[in-house]
Structures are given as structure tokens and as C-alpha cells.
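Comments concern the structure below.
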Amino acid sequence: MDKLIISGNSKISGSVNVHGSKNSALPIIVSSLLSEKSLYLSNVPNVVDVLNLIKLLKNYGVKIAHNKNKLQINPEKINNLSADYDVVRKMRASILILGPLLSRFGEARISLPGGCAIGTRPIDIHLSGLSKLGANFEIQNGFVVGSVKSKLVGNKIKLPFPSVGATENILMASVLAKGETKIINAAREPEIEDLSNCLIKMGAKIEGQGSNTIYVQGVTTLKKAQHQIISDRIVAGTFIIAALILNSNLEIKKFNTLYLKSLINILKKMGANLKINENSIKVLKGPKLKSTSVSTSPYPGFPTDLQAQLMSLMCLSNGKSKIKETIFENRFMHVPELNRLGANITVEKDTATILGNQKFKGAQVMASDLRASISLVLAAMNANGQTTLNRVYHLDRGYENIEKTLSSLGVKIKRKKN
Ligand code: UD1
């Protein structure tokens, strides 16, 4: 497994272009399964989750040409409707194939994500929503096997929680369902809007995307389409926080700053000096930031995917900060590792208390998930001395060429291949 060796006391400067959004690219690539016609995508991030999804679709018989950040997907012939444990284990987003396959072929089979029982967390909202459209599910040898008697039929579906994945799955399934589907309490994340916009280009009839009620009028056929994936708001937010952690001037470019309103508001409250344009932000160095308290919540609230990065920043600001994590249980796996780097963070139930004014010191640390990993990189760049980050593959799932980008900004970072 690869390691990253990071020298501390870094300063960064210049500008960085934000790459395409992983969380938009994944459902949009999956949505190609709905159609027999080609889908051309640009601004596709070259990250491991996307590469794994491409492999999965190729296993189904889908023809895909991949050139840098462009994909040409030809889903005309599908010869396999099953996703195995190996793929699902690596990437929870594989669950999204259920909706399109059930809608187009009336059957789909996907390995249960580890430790999940049907009807309970974490795919209950997906399955109950798809059932309301007429799909039936059973568990066979560790697989969820879905089938539809004749054709999915539109319905009114009220989600108990605005799950991003469940909204996407039900939305995709309803595109070819008969009649109208109304998704109430839908997730409002920009990635759902991006998926809807791509589906509309493919011929779907969707209204209300980006609000909490989405209406879909079923259609019978889809057409060839081209779509540019939006840029990754979480990657953009990560670079903004990186500049603040290193008290450096940095311009973060090519992303829609409206999508980061919640982060921008919090950073401004902490005293950050930010110059905000429509598609770029300049971070300017300034005095030490103030502490604050934050709760993660569904969009437009503060994203759980930026929680770990903000925590690294809070370790360096003046005073005591708090972060309440309301979206995922156990999403504080970075805390013991940040403490190894010199942080002083305690966790009680869903809330972390972060003592500020700490000094990070280089150490050996272990990446546990994607966002946890990047929070450790951020702390390591600021630390005194050298840090070795083990299990880098988590980072590669969502950040394109992270060490090349950081090197180009002035960080001493190198990858050791194992
Ligand atoms: C997506 C994002 C992920 C982000 C998350 C929340 C992708 C590929 N991933 O994940 O980066 O952190 O949104 O913004 O877009 N839940 C259930 N039952 C379900 C579905 C979800 O209980 O059927 C629970 C989950 O366990 C979790 C919460 O709902 O506690 C949020 O999950 P969800 O919004 O579905 O996140 P994902 O789509 O998995």
C-alpha cells in the first residue's frame, strides 16, 4: 500500500483549478445504464472511485472510451445484471445501479453492502422508495435481488431522511417509469441537480431538482446526450482550508462558489480573509482565526464531507471549537490520528470538542477514510517535522493527483509505492 511522506512547515502560493465532482460523476455515469444511446461526459475526475465504476460498467458489457477527463459511454448492450461483493465493498455508490437497471430491464442483483440487513440501515430508504415504484426485493446468498413484474409505475414517495443516494436512485428509476413520480423530502445537494440536468439532456422530464420536491414524468425512450460534470465543491473547500491552515495566499478556481455558502459563512465568522467571485475564491493570509461551533446537516447545511478538514483548522484557531456530526455515526475516525499529530480533541457521542492554539508535530498516521485522510494531510503540511501517511488509497478515491497538485503549490510531499 502506498504511503505519503509530507514535510511540515509548508507555505503554498499560486492558484489551483478544481477538478470534476466525484459525487456528481458517479450517479451520472450510472445513469447511462438507463439508455441505449451514448452519453458523452467531460470534466470527469480521474479518481479511483470513478475508475472502479468504469470497470463495473465494462463488466456489464457497456463500452466506454476514457480519454483524460472525457468519457464516451455506449450502454446499448448489457450482458450481466449483477454487481459482486468485491465492487460494492469498495464503493457504496454501486448501489445506484439498482434504479436504472430495474427501470430499463426489470431486474437487478447487487451484493449487500457489508453488515447490512434488508429493511434497516443503510439501504432501507433506497429499497423502500424503489418498492413504491413497483420493484420487489429479496435476499439471496448475500445479494439483494430486485425484480419488476411488468414496468415500474410512478408514485408519491416521501423520504424519511433526505438521503443523497436514495434520492438519486429513485430519481433515475422514475425516468422510465409509467406516469408521474413525486419525491418528497428529496436531497437538495448540487450533485442531484447536476444528475437531473444530465437526465433532462438525455430526454427525461424532471422538475424541482435542487428543491425538496422533485417531479418526474416518465418517458419511454432516451436519446444521445453530452454533459459537463460540475466541479467538486468538497475539493474546492479542502483547498480553501489548506490555505488557511498554512496562512498562505491561494486562489481556488473553476468552481461554483454558491455551492460552498455554508463553509464560506463559517470561515468568515472565524475571521478568514476571503475574496469571493462567482467561480473562484482568493484566500489571503491574516491574523489567527477564532474558534466556532458547527453542526453538519444536509445541503444547504454544512457538509459532513468537510467536517474533518475544518477540524484540522480548528486545532490551530484561538479558543475552543465544537463540531456536531448529525449525518453519519462514527465519522470521527480522524480524531485519534489528529491527536497523534498533537491535536487536543475529545469526542462525546456525536460531538467533538477541539482545543485551539495547538502545534502539530509530524508522526506516523493511518488514513481511515477519504475525508479523514485529507484532514491528516492538511495537519501534516502545517506540522513541525515529517509525517508519514499510511493507506493512501483512501485519498486516491476522491482527490485527483493530490501529491502532484500540492507539490505544484509548494508543499514537499512524495509518494512511496509499496
Ligand atoms: C453521499 C455522498 C457522501 C456524503 C453523503 C452525505 C456520494 C457518492 N456520496 O453519500 O460523500 O458524505 O452523501 O452528504 O454522493 N441512510 C440510511 N438508509 C438509506 C440511506 C442512507 O439510513 O437507505 C443514512 C446513512 O447511513 C447516513 C445518512 O443516511 O447516516 C446519509 O446518507 P446518504 O445521504 O444516503 O449518503 P450517501 O448517498 O451514501
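Of note:
- Per-residue extension of 0.36 nm, minus the Cα-Cα distance of N279 and T353, leaves a gain of 23.3 nm for this segment.
- Qualifying GluC sites (Glu not before Pro) in segment 70-177, DSSP loop, other Cβ atoms within 10 Å at most 15: E76
- The mean of 1/r over all distinct Cα pairs in the chain, once inverted, gives the Kirkwood hydrodynamic radius of 22.0 Å.
- Rounded to the nearest 20 debye, dipole of the chain from Cβ charges on Lys, Arg, Asp, Glu: 880
- Counted by neighbouring Cβ atoms within 10 Å, the residues K282, K224 run from fewest to most as K224, K282.
- Sorting 327-339, 123-135 by their mean Cβ neighbour count within 10 Å, with the most densely packed peptide first, gives 123-135, 327-339.
- By average C-beta atoms within 10 angstrom, highest first, the peptides 24-30, 87-93: 24-30, 87-93
- Dipole magnitude (debye, nearest 20) for segment 1-151, charges at Cβ of Lys, Arg, Asp, Glu: 300
- Comparing mean-square fluctuations of K55, K223, K68 from a GNM of the chain with C-alpha springs under 10 Å, the top value falls on K68.
- Annotation: lysines with alpha-carbon distance below 18 angstrom to K58 (same-chain offsets under eight excluded): K37, K68, K70, K77, K90.
- Segment 382-397 and segment 146-192 have Cα centres separated by 39 Å.
- Over all pairs of different C-alpha atoms in segment 60-190, the reciprocal of the mean inverse distance, the Kirkwood hydrodynamic radius, equals 15.2 Å.
- Judged by the mean number of other Cβ atoms found within 10 Å, the most tightly packed of the peptides 141-150, 390-399 leads the ranking 390-399, 141-150.
We did not get these values from a lab; they are worked out from the coordinates using the rules stated. Only a predicted model underlies this, so the values are computations on that prediction, with no experimental measurement involved. Neighbour counts are summed over all protein chains in view; Cβ atoms, including those assigned to glycine, are modelled from backbone coordinates with ideal geometry.
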